[in-house]
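Novice: So that we are looking at the same thing, I have put the structure below in structure tokens.
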Amino acid sequence: MSAKTGKEYVQRLKEAKNNVYIHGEKVEDVTEHPAFKNVIRSMADLYDLQYEKPEKMLYNSPTTGNKVGVTFMEPKTVEDLIKRREAIMEWQRYSGGLMGRSPDYLNANVMAMGAAHQFYAEGDPMFAENAKKYAEYARENDLSLTHTLIHPQINRAKAQYEQKDANVALHVVKKTDEGVIVDGVRLLATQGAITDEIIVFPSTVKKAGELDDPYSLAFAIPNNTPGLKFICRESFDYGRNEFDHPLGSRFEEGDAIVCFENVLVPWDRIFILENSSICNRAYRETNAVVHMAHQVVAKDIAKTEFVLGVALSIMDAIGIDGFQHVQDKGTEIMLTLEIMKSHLYRAEHQAKLDRWGMMTPDYAALDAARNWYPRIYPRLAEIIRILGASGLMGIPTQADFENEEIGALLNRAVQGKNLEGYERVQLFRLAWDLTMSAFGSRQTHYEYYFFGDPVRMGMTYFNNYDKEPFKQMVQEFLKRTKKSKPNFVKA
């Protein structure tokens, strides 16, 4: 096998017949369903892009020699890291960073899992071999992957074993010769309906203890596994044309509740089983979180570039680029972009080989970026809304312009400084779909909670930060005071 084409991606989904539900109905064919067919087309474009730019996006598999995706490549040098990021940016710039779970995100995870497979041997040597083989399988078959990370949002004040109904969250039911039976619910599988397989991540949003061992597991299975169901939220692709909904009609990934009804997980697909300690340490000790953060920061840069392009286009379209407060808001976006690029540069150029042999970016730079961006992105969306002002409310549809009675009138009425009315509305509908539509609002909410609650993340960042050098700096300064201490002050 080798890197797949868009046609192969679609055909796999058609044949898989995954158990997908939306709007109260079971989906027979996601590739034809109105809620999914457009984003599937966009995903297919991503896979085709690998063959349009093979010099950037494909490399020779280390095991088969076949052409496989660069986003699966284990980096051994700084140049390898940059090559992976450049391949990531090809996909991210295609979507303007608006597909938060494009394939490169989880490709980074399975790459790190494979390279650091010996970590999983702590639970069982078999699990280490499973991790190594699965990473190779995902790479050689160019799997599209979704994942699920968190337990149901029932009572966040309690651990899973303390819940009123302790069997709601995904947990181990029993072990058999064939594998492990699991049952329960996990959240929140983005792209669950349009991918080949699901990786169940160890949940570390609230670190588990030994009493939560039945809920502490990690594995991967096909999305059409019997008993596995994806219950999708309402689609924000309303079936409108690309003029009316330029982003929602292309990049609505969807999010799903994942239900496991006594699902059999084969032994060779298990990476962690009933071990809260391994779950709590897996991301950090395998450096999966570092490589995933590397992908995310690249995505954030592409997204900020896109937001900046929209902001500058609005300024030019209606002649507001000369106003002081407008330029200041443009500067905010520019500063965000350059700060994120600086974090990325530092992360790549201060990278070091880890104990697994991977060239691993400087996590301090990436950790700062992934903590900061969720706090700043809502402001970027707000700037677009401020710049667009009432123009984001007066946005006729494609049908209005096609109406013989009012089309020409509208074209004149809504013209801009440098654009015909139709072109100006096209731009403003893009700005609206980026920030104000259901799709745009989800983007803002999604970025804010991308890695979890920003306040909880901030607490972790604060607690892990090396504070002593800065306190010592102040103490040394105070010691330079030349006056003697008063007698009542202890020496």
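Novice: Look through A35, A3 and report the one residue that is among the aliphatic types (A, V, I, L, M), over 30 Å from K352 (Cβ atoms), touching a strand residue (DSSP E or B) at 6+ places or on another chain (Cβ under 7 Å) and assigned to a loop (DSSP other than H, G, I, E, B).
Specialist: Sole residue among the options that is among the aliphatic types (A, V, I, L, M), over 30 Å from K352 (Cβ atoms), touching a strand residue (DSSP E or B) at 6+ places or on another chain (Cβ under 7 Å) and assigned to a loop (DSSP other than H, G, I, E, B): A35.
Novice: Can you name the residue in segment 275-300 that is out of contact with any Gly (no Cβ under 8 Å at 6 or more places or on another chain) and basic (K, R) and, of all such residues, is nearest to T360 (Cα to Cα)?
Specialist: R284
Novice: Give the residue, chosen from F451, F428, F439, that is closer than 21 Å to R101 by Cβ and part of a helix (DSSP H, G or I).
Specialist: Going through F451, F428, F439 in turn, just one is closer than 21 Å to R101 by Cβ and part of a helix (DSSP H, G or I): F439.
Novice: Within the group L366, L344, L273, L380, which residue is crowded, with 19+ Cβ neighbours inside 10 Å and assigned by TED's automatic domain parsing to the domain that holds N109?
Specialist: The conditions single out L273.
Novice: In segment 38-67, which residues are not in a helix (DSSP H, G or I) and not β-branched (V, I, T)? Outline the logic, then answer.
Specialist: Taking segment 38-67 first, the residues not in a helix (DSSP H, G or I) are 53, 58-67.
Listed by number, the residues that qualify are K53, L58, Y59, N60, S61, P62, G65, N66, K67.
Novice: Kindly provide the set of residues from segment 116-140 that are part of a loop (DSSP other than H, G, I, E, B) and surrounded by fewer than 23 Cβ atoms within 10 Å (Cβ to Cβ), ordered by number.
Specialist: Matches in segment 116-140: G123, D124.
Novice: Sticking with this one: Surrounded by 19 or more Cβ atoms within 10 Å (Cβ to Cβ), without any contact (Cβ under 8 Å) to a residue 60 or more places away in the chain and more than 25 Å from the chain's Cα centre (by Cα) - does that describe any residue in segment 423-439?
Specialist: yes
Novice: Follow-up. Does any residue of segment 312-327 turn out to be surrounded by fewer than 22 Cβ atoms within 10 Å (Cβ to Cβ), touching a residue at least 40 places away in the same chain (Cβ under 8 Å) and either touching an Asp or Glu at 6+ places or on another chain (Cβ under 6 Å) or under 30 Å from D80 (Cβ atoms) (or both)?
Specialist: Looking for residues that are surrounded by fewer than 22 Cβ atoms within 10 Å (Cβ to Cβ), touching a residue at least 40 places away in the same chain (Cβ under 8 Å) and either touching an Asp or Glu at 6+ places or on another chain (Cβ under 6 Å) or under 30 Å from D80 (Cβ atoms) (or both), one finds at least one in segment 312-327, hence yes.
Novice: Pull up segment 312-330, narrow it to residues that are closer than 18 Å to L430 by Cβ and β-branched (V, I, T), then point me to the one that is nearest to the chain's Cα centre (by Cα).
Specialist: Looking at residues that are closer than 18 Å to L430 by Cβ and β-branched (V, I, T), I get I314.
Novice: I need the strands (runs of 3 or more DSSP E) fully contained in segment 158-276, keeping only those with at least 1 residues that are among the polar types (S, T, N, Q), modelled with pLDDT of 95 or more and within 27 Å of the chain's Cα centre (by Cα).
Specialist: Result: 179-190.
Novice: Checking E420 against (1) within 30 Å of M315 (Cα to Cα); (2) of a type in the set (D, E); (3) within 26 Å of the chain's Cα centre (by Cα): exactly one of these is not met. Which one?
Specialist: All conditions are met except number (3).
Novice: When segment 376-398 is examined, which residues are found to be hydrophobic (A, V, I, L, M, F, W, C), out of contact with any Lys or Arg (no Cβ under 7 Å at 6 or more places or on another chain) and free of Cβ contacts under 8 Å to residues at least 40 places away in the same chain?
Specialist: A389, M393
Novice: With respect to P226, is the statement that it is touching a residue at least 60 places away in the same chain (Cβ under 8 Å) and of a type outside the set (A, V, I, L, M, F, W, C) true?
Specialist: no
Novice: Whether any residue in segment 343-360 is within 18 Å of the chain's Cα centre (by Cα), assigned to a helix (DSSP H, G or I) and among the aliphatic types (A, V, I, L, M) is what I want to check.
Specialist: Yes; the residues of segment 343-360 include at least one that is within 18 Å of the chain's Cα centre (by Cα), assigned to a helix (DSSP H, G or I) and among the aliphatic types (A, V, I, L, M).
Novice: Inspect segment 79-89 for any residue being more than 22 Å from the chain's Cα centre (by Cα), loosely packed, with under 14 Cβ neighbours inside 10 Å and on the phi > 0 side of the Ramachandran plot and give the result as yes or no. Don't jump to the end; show me each part of the working.
Specialist: Going residue by residue through segment 79-89, those that are more than 22 Å from the chain's Cα centre (by Cα) are 79.
From what's left, loosely packed, with under 14 Cβ neighbours inside 10 Å: 79.
With on the phi > 0 side of the Ramachandran plot added as a condition, the list becomes none.
No, every residue in segment 79-89 fails to be more than 22 Å from the chain's Cα centre (by Cα), loosely packed, with under 14 Cβ neighbours inside 10 Å and on the phi > 0 side of the Ramachandran plot.
Novice: Can you find even one residue in segment 456-470 that is in a loop (DSSP other than H, G, I, E, B), crowded, with 18+ Cβ neighbours inside 10 Å and touching a residue at least 60 places away in the same chain (Cβ under 8 Å)?
Specialist: no
Novice: Sort out which residues of segment 68-95 are touching a helix residue (DSSP H, G or I) at 6+ places or on another chain (Cβ under 7 Å) and outside any helix (DSSP H, G or I), and write them in order of number.
Specialist: V68, G69, M73, E74, P75
Novice: Note down all Cβ pairs under 8 Å where the first residue falls in segment 20-31 and is touching a residue at least 60 places away in the same chain (Cβ under 8 Å) and surrounded by fewer than 20 Cβ atoms within 10 Å (Cβ to Cβ), the second is part of a strand (DSSP E or B) and among the aromatic types (F, W, Y), and they're at least six residues apart or on different chains.
Specialist: Short answer, once both residue conditions are applied: Y21/F230.
Novice: Let me ask something else. With respect to F451, is the statement that it is surrounded by 14 or more Cβ atoms within 10 Å (Cβ to Cβ) and at pLDDT below 90 true?
Specialist: Numbers: surrounded by 14 or more Cβ atoms within 10 Å (Cβ to Cβ): yes; at pLDDT below 90: yes.
Yes.
Novice: Given the criteria outside any helix (DSSP H, G or I), of a type outside the set (K, R), at pLDDT 95 or above and closer than 21 Å to T148 by Cα, does L106 qualify? Before you say what the answer is, go through the steps one by one.
Specialist: Numbers: outside any helix (DSSP H, G or I): no; of a type outside the set (K, R): yes; at pLDDT 95 or above: yes; closer than 21 Å to T148 by Cα: yes.
Taking the combined requirement at face value, the residue does not satisfy it.
The values are calculated or read from the model by the stated rules, or taken from the named source; none is laboratory data. It should be emphasised that the depicted structure is a prediction, and the values quoted were computed from it without experimental measurement. Counting neighbours? That spans all protein chains shown, and the Cβs are built from the backbone with ideal geometry, glycine included.
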